[in-house]
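Undergrad: My questions will all concern the structure given below.
The values are calculated or read from the model by the stated rules, or taken from the named source; none is laboratory data. This is a predicted model, so every value here is computed, not measured. Backbone-built Cβ (ideal geometry, glycine too); neighbour counts: all protein chains shown.
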Amino acid sequence: MCGIVGYVGRRDAADVLLDGLSKLEYRGYDSAGIAVFEDQQIRVAKSKGRLLDLQKKMEEEGKPAGHAGIGHTRWATHGEPSDRNSHPHGGGSVTLVHNGIIENYKRLKEFLLSQGRVFESDTDTEVVAQLLDYYYEANNGNPIDAIIKTSRELEGSYALGVVFADFPDMVFALRKESPLIVGIGEGESFIASDVTAILKYTKQYYLLEPGEIAVLSHRETKIYDQHYQKIEKELKTADWDVSAAEKGGYEHFMLKEIFEQPTAIKTTIAPRITDGLPDLSECGITPERLTGFRRIHVVACGTAMHAGMVGKYVIERLAKVPVNVDIASEFRYRDPLVGKGDLVIVISQSGETADSLAAMRLAKSLGAETLAIVNAKGSSIAREADMLIYTHAGPEIAVASTKAYMVQIAVMYLFAFELALANGSVDEAECRRLTGLLQETPALIESILAHKDRAQQIANELITADSLLYIGRGLDYALSMEGSLKLKEISYIHSESYAAGELKHGTISLITENMPVIAVATQKRLFDKTVSNIKEVKARGAKVVLVCDEAYVPEKDVADLKFGLPEFDDLLSPMPAVVPLQLIAYYTAVLKGTDVDKPRNLAKSVTVE
């Protein structure tokens with residue numbers, strides 16, 4: 001997830017672009033750059049690092065001077081954070097900025113290389129710039145024709161801000177899936193990924209729809225469809241302040257990030273699926289390499305460890321390879337039996353978690369191979385791992401992890417599918433079926449998010465609780481662990497998770513009248529057994545919240561409240577089923593009045609032991 005801006009008007013374009021990028025830096029901070037028309041030519045300034053690094057660079061080298069341009073703040077996906085991979089990117093007469101991911105960039109790049117094109121970066125974005133310039137030259141310098149033809153070639157998500165050297169002081173823009181607005185001021189116009197970038201200058205904007213093309217000039221702003229027909233749009237007015245706009249209108253970053261999960265899944269898995277099958281080759285993972293591992297150890301902390309628990313169930317069920325899951329701080333000090341022939345998977349959102357980094361170094365010293373699953377580009381864990389899978393969740397601002405957890409699970413599924421296929425424990429047809437189901441999860445999650453009011457109702461019943469339990473079996477137990485953590489870390493209500501079958505071995509003594517118990521029951525083959533355990537706590541006075549298939553109608557001796565889920569394959573149910581647990585935790589914390597995004601005593605990245 002990156003942020004883009006564009007400006008045409010009477011003001012100093014560089015100042016407007018930098019100001020807009022400062023409001024969008026939460027969308028990415030690996031690098032920043034601007035391109036401004038200066039004396040009828042495009043002048044680019046860009047730098048690795050935060051926006052402040054770009055500003056310092058321009059203080060030394062001079063700031064581009066002009067009244068039209070584009071800007072970008074980057075969350076790296078293709079290509080490590082560096083000056084050469086920073087946006088804007090150029091190709092011939094074209095310079096552009098991009099938010100999104102181009103899924104078919106490899107095929108397009110091969111074609112462009114065959115046409116003699118030379119690339120200067122490792123990004124998918126430069127492929128768009130080169131392809132756009134290719135069609136620009138082929139269409140006698142017509143920018144709209146070139147944009148339309150290029151857009152028909154691109155697969156994936158994108159929002160583009162484009163300038164052409166032959167059309168000074170004009171900015172072109174288009175989008176597919178990735179957000180983009182067109183701001184309209186007095187004698188000036190803007191493009192931006194988020195309305196927050198332009199609120200200082202105007203509250204009037206158009207919402208650009210997929211496939212629409214905007215053309216900004218000093219005279220007017222026009223919007224065209226894919227048939228080059230000019231269209232009229234409703235001019236909207238933003239009625240929120242800058243703080244709210246940064247959150248996209250959501251009350252908290254956590255809620256915004258919960259709703260970003262469908263897009264994060266698509267962005268993470270799409271580049272790793274080829275012809276309907278998982279393809280992790282660009283991450284250093286090949287079928288030949290996979291078949292050499294005798295055991296797998298997953299090492300992580302907190303939420304990432306819970307993602308590893310889901311991975312354990314799925315890998316063992318499909319690939320038939322034994323998997324251990326360790327808390328990183330325990331793994332380091334228990335003299336683990338790890339060595340040659342083992343794979344140690346380290347999961348970390350930040351890539352800087354101290355215990356996880358130390359555990360990975362220990363595993364390497366013992367002769368094991370290491371695979372890192374991280375969200376932050378260029379982080380320590382990412383740099384030191386033997387193999388690396390980046391999750392493309394984008395920046396996660398809230399301390400309580402939601403979308404980072406979701407994409408960690410998605411990656412674990414892809415890994416499990418490819419490992420199972422490589423081992424021959426599933427055939428190609430079954431692997432395609434499972435991969436197809438994974439691709440369906442974003443739409444399923446969106447349908448669940450549409451019923452967030454159910455979670456609000458449940459939260460109303462939890463706010464007076466001093467303590468509660470989460471229970472489940474199998475994959476539902478792994479989910480219960482994550483649900484319990486989410487609730488306790490942001491609402492400060494004491495909460496524990498237990499395997500439902502373990503209740504009779506001591507824990508059921510904690511049940512008192514009206515004590516809340518959140519039961520997760522999505523696994524069909526374990527459903528009856530889980531219901532029996534639920535009845536046990538209900539008989540002792542518990543107030544039961546049941547997360548299960550929408551079609552199931554619980555009797556009074558089973559549940560008081562229910563959050564129903566659309567029917568889905570048991571194996572992949574942890575992805576949709578965790579969403580109501582996230583929402584219940586969120587709304588409980590809101591009702592209790594806690595600081596949802598910054599809970600007490602916690603930090604986003606734990607870089608000490």
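Undergrad: Of all the residues that make up segment 158-178, how many are under 20 Å from the mean Cα position of the chain (by Cα) and surrounded by fewer than 21 Cβ atoms within 10 Å (Cβ to Cβ)?
TA: Total meeting the criteria: 2.
Undergrad: What are the pairs with Cβ atoms under 9 angstrom where one residue, in segment 334-347, is acidic (D, E) and the other, located anywhere, is exposed (fewer than 12 other Cβ atoms within 10 Å of the Cβ) and modelled with pLDDT of 95 or more? Sequence gap at least six, or different chains.
TA: Here the result reads D342/G367, each pair linking segment 334-347 to a residue that is exposed (fewer than 12 other Cβ atoms within 10 Å of the Cβ) and modelled with pLDDT of 95 or more.
Undergrad: Here is a check on your reading of the model: is S484 touching a Lys or Arg at 6+ places or on another chain (Cβ under 8 Å), among the polar types (S, T, N, Q) and modelled with pLDDT of 95 or more?
TA: Judged against the criteria, S484 is not a match.
Undergrad: Let me ask something else. Could you look through segment 500-511, keep only residues that are touching a Ser or Thr at 6+ places or on another chain (Cβ under 9 Å) and surrounded by fewer than 24 Cβ atoms within 10 Å (Cβ to Cβ), and pick out the one that is nearest to V578 (Cα to Cα)?
TA: G501
Undergrad: Step by step: first the residues of segment 444-456, then only those that are in contact with a strand residue (DSSP E or B) (Cβ under 7 Å, 6 or more places away or on another chain) and not small (G, A, S), then the one that is farthest from L565 (Cα to Cα). Which residue is that?
TA: For segment 444-456, the residue satisfying everything is R454.
Undergrad: Something else about it: Quick check on my filter: what residues within segment 195-222 are touching a Leu at 6+ places or on another chain (Cβ under 6 Å) and surrounded by fewer than 20 Cβ atoms within 10 Å (Cβ to Cβ)?
TA: If the condition is that a residue be touching a Leu at 6+ places or on another chain (Cβ under 6 Å) and surrounded by fewer than 20 Cβ atoms within 10 Å (Cβ to Cβ), then Q204 is the only one that fits.
Undergrad: Also: I'd like the full set of residues that are more than 22 Å from A404 (Cβ to Cβ) and among the β-branched types (V, I, T), limited to segment 549-590.
TA: Result: V553, V558.
Undergrad: Evaluate the following for T391: is it buried (at least 17 other Cβ atoms within 10 Å of the Cβ) and under 17 Å from the mean Cα position of the chain (by Cα)?
TA: Here the answer is yes, as T391 does meet what is asked.
Undergrad: Hey, could you check segment 41-67 for residues that are among the aliphatic types (A, V, I, L, M) and without any contact (Cβ under 8 Å) to a residue 60 or more places away in the chain and say which is nearest to G92 (Cα to Cα)?
TA: So, considering only residues that are among the aliphatic types (A, V, I, L, M) and without any contact (Cβ under 8 Å) to a residue 60 or more places away in the chain, the one nearest to G92 (Cα to Cα) is V44.
Undergrad: Moving on to the next point. If you go through segment 188-211 one residue at a time, how many are modelled with pLDDT of 90 or more, more than 15 Å from G20 (Cβ to Cβ), not in a loop (DSSP other than H, G, I, E, B) and not polar (S, T, N, Q)?
TA: Adding up the residues that qualify gives 1.
Undergrad: Within segment 516-539, take every residue that is assigned to a helix (DSSP H, G or I) and among the hydroxyl-bearing types (S, T, Y) and give me the one that is surrounded by the most Cβ atoms within 10 Å (Cβ to Cβ). Lay out the reasoning, then the answer.
TA: From segment 516-539, those assigned to a helix (DSSP H, G or I) are 524-538; that's our starting set.
Cutting the leftovers down to among the hydroxyl-bearing types (S, T, Y) gives us 530, 532.
Details: T530: 24, S532: 12.
The extreme case among them is T530.
Undergrad: Please verify whether segment 496-518 includes one or more residues that are in contact (Cβ under 8 Å) with a residue 60 or more places away in the chain, on the phi < 0 side of the Ramachandran plot and not hydrophobic (A, V, I, L, M, F, W, C).
TA: There is no residue in segment 496-518 that is in contact (Cβ under 8 Å) with a residue 60 or more places away in the chain, on the phi < 0 side of the Ramachandran plot and not hydrophobic (A, V, I, L, M, F, W, C).
Undergrad: Moving on. Using the structure shown, decide if D145 is acidic (D, E), more than 19 Å from D15 (Cα to Cα) and over 23 Å from the mean Cα position of the chain (by Cα).
TA: Here the answer is yes, as D145 does meet what is asked.
Undergrad: Moving to a separate point now. Every residue in segment 484-499 that is part of a helix (DSSP H, G or I) and out of contact with any Ser or Thr (no Cβ under 7 Å at 6 or more places or on another chain), please.
TA: K486, E489
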